[in-house]
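First comes the structure, then the notes that go with it.
Nothing in this text is a laboratory measurement; each read-out follows from the coordinates by a stated rule. Note that the coordinates shown come from a computational prediction; the quantities given were computed from them, not determined experimentally.
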Amino acid sequence: MRTVIAGVALLVMVVGLHAPALAFTLDYDFEDLANGETVAEQYAADGVHFGAGVLAVDPAGPSYPPHSGDIALQTVSTQPYLDVTFDTPANYVEAWYTSYYGLSLEAYDSSNDLISSVWGAANLADSCQLSVGGSGSEIAWVRFHDSGNLYIVDDLHIEGPDPDDAVPEPCTWVLLSATGIAGVIARRRRLA
């Protein structure tokens, strides 16, 4: 019986320490931004930052329709790249775009090494979707760009692990410790 108790205690500890971390999901449709507003740190509380030269625009008209709503992101004419960095690495990034030339979405790790890249065809009549990453990816930042700087990006979706759940909470540590102590006591009694 004591062997069974010790075995159960050990099993509870192992399962508790290897519980998967919960994931975070962030979605932005940019409708909270004003037309012409410079976009940089509006989503910093979520750990999402936009690089220089990004504007919120209302493209108005059929040429560059956003995926949803009226507001999308566009770079200024002197900035061909739309960069987005993450405080916590993401596993997956997805966005909708409209582009005259087509659009590239590249994912980089914290060492600025390219880890994933995808190219989307030109489209002016309707928005198309691009995505990078997957299970095990650690995306520190992404870059959107094309060959002619004529594109908009809308409806950004970001997924990743939750760093707050990577380490067990204090009450979990108490439960694991109590289980471990019970296992040690059961083993000592058996040896005595």
For Y101, the residues 5 or more places away or on another chain with a placed amide H closer than 5 Å to its own amide H are L150
Please label the shape of region 21-166 as rounded, prolate or oblate, based on the square roots a ≥ b ≥ c of the eigenvalues of the alpha-carbon gyration tensor (a/c under 1.5 means rounded; beyond that, a/b larger than b/c means prolate, else oblate). prolate
Multiply the residue separation of A40 and D27 by 0.36 nm, subtract the distance between their alpha-carbon atoms, and state the gained length in nm to one decimal. 3.1 nm
